[in-house]
Amino acid sequence: MTGAPTLAVWKFASCDGCQLTLLDCEDELLAIADRVDIAHFTEASSRSQPGPYDVSLVEGSVTTAADAERIRRVRAMSRTLVTIGACASAGGVQALRNFADVREFASVVYARPDYISALATSTPVAAHVDVDFELRGCPVDRRQLLEVLTALLAGRKPNIPAHSVCFECKQRAVVCVAVARGTPCLGPVTHAGCGALCPAHQRGCYGCFGPAETPNAGAQAGLLRAAGLSEADVLRAYRTFNAGAPAFIELSRVTDGPPPGSGPRDLPERGDQGD
C-alpha cells in the first residue's frame, strides 16, 4: 500500500487482551486497514515490514532487560508511540512484584530459577521512553481504541475523556452503588472508559482503567473505610490491574499502618532499567 501510513503493533509482558480488542473491532478494523499499511502485527499476521513506522501501538510492561532494550528500538522506529492497556501504561498486575522480592517468587514457581532472567520491577513503557499517548484499561475499550486510531489518521488529538467513572454512571443513570448500597467502589478515583460497566451491574468499580487525572486520595480512602474495608483491604484495592501507577501508589499510602514490606521499590531512572 504505497504512500499509506504504516501501523505497527508490539507485545511486551501482557496477556494479549488489548491486541485481541483491536482484532475484535472486525468491520471497523477492515475499514482502517484500507487506509493504513499494517506493517507489523504478529497477533494478526506473520508479515513484518521493517520500520520506520508512522504509528506504533504497544501492549505490555517492561519486565526484562531485553525488553528494556527492545522498547528503545521501537521508540526509535516510531513517529508516534501509543501505549494500550494497564500493563503498558501502569505496569499491569505483574507490577505487584515491585512491592516484594521477585527472586523469592521465582524460587517458588520455577524448578530452576537460575534460568529466569527478569528485572526486579515491572514498569510502564513511559518509564523507559517518551510516549505520545496513553490509552487506559484492562483491556482497552474498543471505542476508545478506534477513536485514537481514527484521530491519528486524521491528524488530530484523540478525544478521550479525562473524567472519572462516576461521570459515566451519571450519564447512564446508574444509581451510585457506594451511596445506595454501601458497596466499596473505586469509581471516584478511576479514569473513565469502561462505560461504568461494573456499577451498572450493582458491583463496585475495581479500577481497571487506572487513576483519574486528579484523584482525591483522602476522601476515597474514607469512603472505602466507611464501606467496611480494613486498612489492609484499602491498600489491596489499589494494587490490582494498575499497581504500578504512581497515583495509585500514592493513594495506597494514605492508609494507616500498611503491612510491612508493602512499600514500592525505588525504581531506577529512565534509561537505567535493564542496563
- Under 15 Å from the Cβ of F133, count the other residues' Cβ atoms, weight Lys and Arg +1, Asp and Glu -1, and hand me the total. -3
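All other residues with a Cβ under 9 Å from the Cβ of D16 taken together, and with Lys, Arg as +1 and Asp, Glu as -1, what is their net charge?
Values: positive: K11; negative: E43, E59.
That works out to -1.
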- Amide hydrogen neighbours beyond the local backbone of G207, cut-off 5 Å, H modeled: L186
- Who wins for biggest fluctuation among A44, A86, A95 in a Gaussian network model of the chain, springs between alpha carbons below 10 Å? A44
- Task: Find which of P215, A86, P113 sits farthest along the positive direction of the dipole of the chain, computed with +1 on the beta-carbon of Lys and Arg, -1 on that of Asp and Glu, about the Cα centre.
- Result: P215
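Arranged by the count of other C-beta atoms within 10 angstrom, fewest first, what order do I32, I84 take? Intermediate results must be reported in sequence, preceding the final value.
Details: I32 17, I84 30.
So the ranking, lowest neighbour count to highest, is I32, I84.
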- Query: Which one of A33, G187, V148 has its Cα pushed farthest toward the positive end of the charge dipole of the chain, where Lys and Arg give +1 and Asp and Glu give -1 at the Cβ?
  - Reply: G187
- Task: Starting with the fewest neighbours, write out C15, C208, C87, C166 ranked by other beta-carbon atoms found within 10 Å of each beta-carbon.
- Result: C15, C166, C208, C87
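List H191, H163, H201, H128 from most exposed to least, where exposure is judged by having the fewest other Cβ atoms within 10 Å.
Least to most surrounded, the residues fall as H201, H163, H128, H191.
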- So which residue, out of R103, R112, R35, gets the largest mean-square fluctuation from a GNM of the chain using Cα contacts under 10 Å as springs? R112
- Simple label model, 7 Å out from Cα along Cβ direction - E26 to T214, nm: 4.2 nm
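What number, rounded to the nearest 500 deg cm²/dmol, is the helix-based mean residue ellipticity at 222 nm of the chain, given -39500 (n - 2.57) per DSSP H run of at least four residues and division by all its residues?
On the way: 12 runs with 93 residues, N = 275.
Computed mean residue ellipticity for the chain: -9000 deg cm²/dmol.
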- Message: Given Cβ point charges of +1 (Lys, Arg) and -1 (Asp, Glu) and nothing else, what value in debye, to the nearest 20, does the dipole of the chain about its Cα centre take?
- Response: 400 debye
- At most 12 other Cβ atoms within 10 Å plus a DSSP loop assignment makes a site exposed; report the longest stretch of the chain without any exposed GluC sites (Glu not before Pro). 27-212
- What residue among F133, F105, F12 has the largest mean-square fluctuation in a Gaussian network model of the chain, using Cα springs under 10 Å? F105
- Determine the dipole magnitude for the range 6-154: charges of +1 sit on the beta-carbon of Lys and Arg, -1 on that of Asp and Glu, nothing else is charged, the reference point is the Cα centre, and the result goes in debye to the nearest 20. 440 debye
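Would you mind calculating the relative contact order of the range 1-117 from Cα pairs under 8 angstrom and at least 6 residues apart, reporting the percent as a whole number?
Numbers: 156 pairs, mean separation 32.0, N = 117.
The value is 27 percent.
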- Counting other Cβ atoms within 10 Å, which trypsin sites (Lys or Arg not before Pro) in the range 146-187 have at most 15 and lie in a DSSP loop? R156, R172
- Item | Rel. contact order, % - alpha carbon contacts under 8 angstrom, at least six apart, the range 52-168 | 30 percent
- About its Cα centre, how strong a charge dipole does the range 165-252 have in debye, to the nearest 20, once Lys and Arg get +1 and Asp and Glu get -1 at the Cβ? 260 debye
- In the chain, taking the dipole from +1 charges on Lys and Arg beta carbons and -1 charges on Asp and Glu beta carbons about the Cα centre, the listed residue (G60, V175, S46) farthest towards the positive end is V175
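None of the figures in this text is laboratory data; all of them are computed from the coordinates on show. Keep in mind that this is a model prediction, so the values were computed, not measured. We place every Cβ from the backbone using ideal geometry, glycine too, and count neighbours over all the protein chains shown.
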